[in-house]
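Note sheet for the following structure.
The numbers here are math on the coordinates, done by the rules we state, and not lab data. Everything numeric in this text was worked out from a predicted model, so none of it was measured. Cβ placement follows ideal geometry from the backbone for every residue including glycine, while neighbour counts extend to all protein chains displayed.
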Amino acid sequence: MRLYRDAVVFEPNRLNRAFTPNVPAIHVALGRIDDVSVKAAFLTSIITLKLSSPAGSLRLRCWRASSVAAQIEAVKHASSDIP
């Protein structure tokens, strides 16, 4: 995951690319994220981004999901304070 001031980008890691080649990176503008939640699961937890778009939501498995979700929320709130 790469987190920018205005977007978050999810990219498959090396292991995932080895098993699922052709999976593109997913770019999500922070302004389109209405909510971030985490659901505990076996080994890796699941992050759900509720989006203000026709897609509705995006669910991803992620190591350290609670930390990742907190980072997304922090940058989202910080960027909303910038005029």
> Any residue at all in segment 66-81 that is of a type in the set (Asp, Glu) and surrounded by fewer than 12 Cβ atoms within 10 Å (Cβ to Cβ)?
Replying inline: yes
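Enumerate the strands (runs of 3 or more DSSP E) found wholly within segment 17-57, keeping only those where 3 or more residues are surrounded by 14 or more Cβ atoms within 10 Å (Cβ to Cβ) and free of Cβ contacts under 8 Å to residues at least 24 places away in the same chain.
Once the strands (runs of 3 or more DSSP E) in segment 17-57 are filtered for at least 3 residues that are surrounded by 14 or more Cβ atoms within 10 Å (Cβ to Cβ) and free of Cβ contacts under 8 Å to residues at least 24 places away in the same chain, what remains is 45-51.
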